[in-house]
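The block underneath contains the structure these notes are about, expressed in structure tokens.
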């Protein structure tokens, strides 16, 4: 049973517009959430994270929103650029006292930004 | 040097071979991880090491044997693998294993089992 889900396998947006990538989770013990970007033949690159004590975190063009009641987070990219075309993974962690750094990943969403 | 380096980038081996994957991090981190990514599946955590001590073994078959001789190096020893073990193997590191610590990944080893 997948605890972190990205229900949209792909997304296509026009350059300059907003990209919104979504992620849902089922485990209420998760308290730390991350977004990674992955280009072909490269490893995932950390983008932005958010702790469950916040509902928004912003870093330049990237903003992550967390809705704990809905167990939903989203990544907004504004404005989108062709270089943002990649696979985006959301991940979650937080098992109370276990603290083994275990991250649970979603399946990924492929973003294509058209010039 | 890039943050997390994995070698080799590609590996083809038979089911009876023994090989090792290597990971080295230059970030001064204390925790290191092995992940497996199979086609069309999410990344799956395999092992976690904190200060050279294994703290997580995510029900991985014994044909995968990790080794962490120091906090900068991590190996994954492979023997008698199965075709379903063909996947991308990713190494990551973080400052430590506490929550709220992003993990930084290498570029992975693409493993193919004949």
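Computed from the coordinates by the stated procedures, all read-outs in this text should not be read as laboratory data. Treat the numbers as computed from the prediction; the structure is a model and nothing was measured. Cβ sites come from the backbone with ideal geometry, for glycine too, and all protein chains shown count toward neighbours.
Scan the range B:54-68 residue by residue and report those that are over 17 Å from residue B:106 (Cβ atoms) and surrounded by fewer than 17 Cβ atoms within 10 Å (Cβ to Cβ).
Once the filter is applied, which keeps residues that are over 17 Å from residue B:106 (Cβ atoms) and surrounded by fewer than 17 Cβ atoms within 10 Å (Cβ to Cβ), the range B:54-68 yields B:54, B:55, B:57, B:58, B:59, B:61, B:62, B:63, B:65.
Is at least one residue of the range A:11-27 exposed (fewer than 13 other Cβ atoms within 10 Å of the Cβ), part of a strand (DSSP E or B) and touching a strand residue (DSSP E or B) at 6+ places or on another chain (Cβ under 9 Å)?
Among the residues of the range A:11-27, at least one is exposed (fewer than 13 other Cβ atoms within 10 Å of the Cβ), part of a strand (DSSP E or B) and touching a strand residue (DSSP E or B) at 6+ places or on another chain (Cβ under 9 Å), which makes the answer yes.
Out of everything in the range B:32-53 that is surrounded by fewer than 19 Cβ atoms within 10 Å (Cβ to Cβ) and touching a strand residue (DSSP E or B) at 6+ places or on another chain (Cβ under 6 Å), what residue ends up being farthest from residue A:7 (Cα to Cα)? Walk me through it before giving the result.
Keep residues of the range B:32-53 that are surrounded by fewer than 19 Cβ atoms within 10 Å (Cβ to Cβ), which gives B:38-41, B:44, B:51-53.
Next cut, touching a strand residue (DSSP E or B) at 6+ places or on another chain (Cβ under 6 Å) only: B:38, B:44, B:52.
Details: B:38: 18, B:44: 18, B:52: 37 Å.
By that ranking, first place goes to B:52.
Checking residue B:23 against (1) surrounded by fewer than 19 Cβ atoms within 10 Å (Cβ to Cβ); (2) out of contact with any helix residue (DSSP H, G or I) (no Cβ under 7 Å at 6 or more places or on another chain); (3) on the phi < 0 side of the Ramachandran plot; (4) touching a residue at least 24 places away in the same chain (Cβ under 8 Å): exactly one of these is not met. Which one?
Exception for residue B:23: condition (1).
Which residue is farthest from residue B:10 (Cα to Cα), if the candidates are limited to the range A:29-58 and must be part of a strand (DSSP E or B) and free of Cβ contacts under 8 Å to residues at least 12 places away in the same chain? So that I can check it myself, show each step before the final result.
Initially, the range A:29-58 is screened for residues part of a strand (DSSP E or B), giving A:32-38, A:45-51, A:56-58.
In the following step, the residues that additionally are free of Cβ contacts under 8 Å to residues at least 12 places away in the same chain were identified as A:45, A:56-58.
Numbers: A:45: 20, A:56: 39, A:57: 37, A:58: 37 Å.
Result: A:56.
Away from chain A (no Cβ under 13 Å), without any contact (Cβ under 8 Å) to a residue 24 or more places away in the chain and farther than 27 Å from residue A:34 by Cβ - does that describe any residue in the range B:40-55?
Taking every residue of the range B:40-55 in turn, none turns out to be away from chain A (no Cβ under 13 Å), without any contact (Cβ under 8 Å) to a residue 24 or more places away in the chain and farther than 27 Å from residue A:34 by Cβ.
Within the range A:68-84, take every residue that is surrounded by 14 or more Cβ atoms within 10 Å (Cβ to Cβ) and over 14 Å from the mean Cα position of the chain (by Cα) and give me the one that is nearest to residue A:109 (Cα to Cα).
The selected residue is A:80.
Here is a yes/no grid of residues against (1) within 11 Å of the chain's Cα centre (by Cα); (2) within 8 Å of another protein chain (Cβ to nearest Cβ); (3) in contact (Cβ under 8 Å) with a residue 40 or more places away in the chain; (4) on the phi > 0 side of the Ramachandran plot:
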position	(1), (2), (3), (4)
B:16	no, no, yes, no
B:19	no, no, yes, no
B:63	no, no, no, no
B:69	no, no, no, no
B:77	yes, no, yes, no
B:103	no, yes, yes, no
B:106	yes, yes, yes, no
